[in-house]
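Student: My questions all concern the structure below.
Bear in mind that the values in this text are calculations on the coordinates, not laboratory data. Here the structure is a predicted model, which is why all the values come from computation and not from measurement. For neighbour counting, all protein chains shown are included, and Cβ atoms are generated from backbone atoms with ideal geometry for every residue, glycine included.
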Amino acid sequence: MSISTELSSPHNHTNCIATALNTATQLCFERGVQLTAIRQQVLELIWENHHAVKAYDLLERIKPLQSAAKPATIYRALDFLIAQGFIHRVESLNAFIGCCNLKTAHEQLLLICKQCNDVEERPANAVMQSLAQEFQNAGFTVHHQAIEIQGICATCSQLNKDEEIA
């Protein structure tokens, strides 16, 4: 499953949210950790669409639900969700996206569309294996690996071509 939104066909974000919440709830139970109401609300807001969302935008959106919410409240929830592997931080945007593979730890290859702001998480196994080999050759121990590529997604590229033709 990719995080990219298909502009040419309807996409049901409700299904994305439900799947993420159900999986997160199950994993928290299995791990003996709590998916508190605020953590669940933050996760739900992140999965509301497939754009990266900033912490302060989350705070503004959660205020109607949790009037006492402060920046620290959001950052604690984000830290928990990252630690559990439920979301990823998009470093170049200082924002967050839902993880499309909640059940296993993995490296991140994120394709960021500069036009529509969608972020697609890709497994890119061959790329990641090549990098792992380079790290091993260098004797380098990786603590965190994320590759972010900014460009134009296939959907926006097609829309741009269609506009040029029209």
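Student: For a quick check, take a GNM of the chain with Cα springs below 10 Å and name the residue from HIS50, HIS144, HIS88 with the largest mean-square fluctuation.
Tutor: HIS144
Student: Mind checking which lysines have their C-alpha under 16 Å from LYS70, skipping anything on the same chain fewer than 8 residues away?
Tutor: LYS54
Student: Treating only the Cβ atoms of Lys and Arg (+1) and Asp and Glu (-1) as charged, compute the dipole magnitude of segment 47-158 about its Cα centre; round to the nearest 20 debye.
Tutor: 340 debye
Student: A follow-up question, please. Connecting C-alpha atoms closer than 10 Å in a GNM of the chain, tell me which of VAL142, VAL90, VAL53 has the biggest fluctuation.
Tutor: In this elastic network of the chain, the residue with the biggest mean-square fluctuation among VAL142, VAL90, VAL53 is VAL142.
Student: For segment 90-166, what does the convex hull of the Cα positions come to per residue, in cubic angstrom?
Tutor: 118 Å³
Student: Cα convex hull of segment 13-165: mean projected area in nm², to one decimal?
Tutor: 11.4 nm²
Student: Exposed loop trypsin sites (Lys or Arg not before Pro) only (DSSP loop, at most 11 other Cβ atoms within 10 Å): please give the longest stretch of the chain free of them, not including the sites. Could the numbers behind the result be given before it?
Tutor: Numbers: sites that count: LYS103, LYS114.
Longest site-free region, per DSSP loop and neighbour criteria: 1-102.
Student: While we're looking at this one, here's another question. Would you order PHE96, PHE29, PHE140 from fewest to most other beta-carbon atoms within 10 Å of each residue's own beta-carbon?
Tutor: Values: PHE96 26, PHE29 11, PHE140 8.
Ordered from fewest to most neighbouring Cβ atoms within 10 Å, PHE96, PHE29, PHE140 come out as PHE140, PHE29, PHE96.
Student: If you don't mind, another one. Using 7 Å Cα-to-Cβ label points, what is the ALA126/GLU48 separation (nm, one decimal)?
Tutor: The modelled label-to-label distance comes out at 3.9 nm.
Student: Going by C-beta contacts inside 10 Å, put ASP118, ASP57, ASP162, ASP79 in order with the fewest on the left.
Tutor: ASP162, ASP79, ASP57, ASP118
Student: Apply the Karplus parameterisation 6.51 cos²θ - 1.76 cosθ + 1.60, with θ equal to phi minus 60°, to every residue of segment 38-53 and state each ³J(HN,Hα) to the nearest whole Hz, in sequence, with x for glycine and proline.
Tutor: With coefficients 6.51, -1.76 and 1.60, one gets 5, 5, 5, 5, 5, 4, 4, 5, 5, 7, 4, 8, 9, 8, 5, 10 Hz.
Student: Turning to a different aspect of this structure: Obtain the nm distance between the two label points defined at ASP57 and GLN136 by a simple spin-label model: each point lies 7 Å from its Cα along the Cα-to-C-beta direction.
Tutor: Here the answer is 3.9 nm between the modelled labels.
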